[in-house]
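Heads up: the structure comes next, in structure tokens.
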Amino acid sequence: MDFPTLAIIFAAVGAGALVKGATGMGMPLIAVPFIASVMGLQHAVVVLVIPILFSNAWQVVKFGAARHDPGMKFLVPMLVACVVGIAGGVWFLTTAPERGLSIALGALLLAYFVFRIARPSFVVGSDAAMRWAIPAGLGAGILQGATGISAPIGVTFIHAQKFLRDAHVFAVSAMFLALGAAHLPSLWIAGLLKPEWVLQGFLALIPIMIFMPVGQWLSSKLSQAAFDKMILAFLGIIGLKLVLGI
């Protein structure tokens, strides 16, 4: 394990942790593409498993009171479907060409970017959320298993329900926690948990513990809308980079 490798991981995870602390999401969206562009997608996915589990458990506990929100009825069936979808995604990770997965991930990020620009007022009601919970969960699980990023499906679905901030953070963190918990044994079965990569994941908890509280502090100083626009712009740039291979 060399210093440049750790520096890249710390920078990517630290930037992601800053945004996650402020908005409840964003760490894999930022860290996975950055690490994958230097070290490969499999390496990035494995390194992020431990940070994903830790950061989301932290926020599920912090915003746990939101579980009583009446709109949360969709969450349990969605989480079950997420876990089911993981296995199919890991199969794609081990069999599909890495370049093809990168292009698919970039296309999904660009689709998410375009959708948010074109339909900023779109709302998924509680009845529709229950109908689409399982398909959305399956899609998020497959995407998580294949790329380490589920937000283009999962977060889009939850965000479209227009929860208040605490409820939104709780829902997306519960989804990420369930996905991370299912992802870990799936990666082990697939033979991808290289000891060095796992150790790098544990070391990546250091920038999380430093930068997540900073992000939470910043969220009290800047509007949620400002952070949302920043994340959306970043997603568009990363999606374009992955699609073009630059």
*Please give the helices (runs of 4 or more DSSP H) falling wholly within segment 132-217 in which 2 or more residues are at pLDDT 90 or above and closer than 19 Å to Gly14 by Cα.*
165-189, 195-203
*In this structure, is Ala65 small (Gly, Ala, Ser) and surrounded by 14 or more Cβ atoms within 10 Å (Cβ to Cβ)?*
no
*asked:* I'd like to know if segment 172-189 contains one or more residues that are farther than 20 Å from Gly24 by Cα and in contact with a Gly (Cβ under 7 Å, 6 or more places away or on another chain).
replied: yes
*Would you check which residues across segment 1-34 are more than 22 Å from Ala174 (Cα to Cα), under 14 Å from the mean Cα position of the chain (by Cα) and of a type outside the set (Gly, Ala, Ser) and list them?*
Pro33, Phe34
*Residues in segment 140-166 that are hydrophobic (A, V, I, L, M, F, W, C) and surrounded by fewer than 22 Cβ atoms within 10 Å (Cβ to Cβ): how many?*
3
*Only residues that are farther than 13 Å from Val243 by Cβ and surrounded by 14 or more Cβ atoms within 10 Å (Cβ to Cβ): list them for segment 97-111, please.*
none
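The values are calculated or read from the model by the stated rules, or taken from the named source; none is laboratory data. Fair warning: this is a prediction, and the values are worked out from it, not measured in the lab. Neighbour counts run over all protein chains shown; Cβ positions are idealised from the backbone, glycine included.
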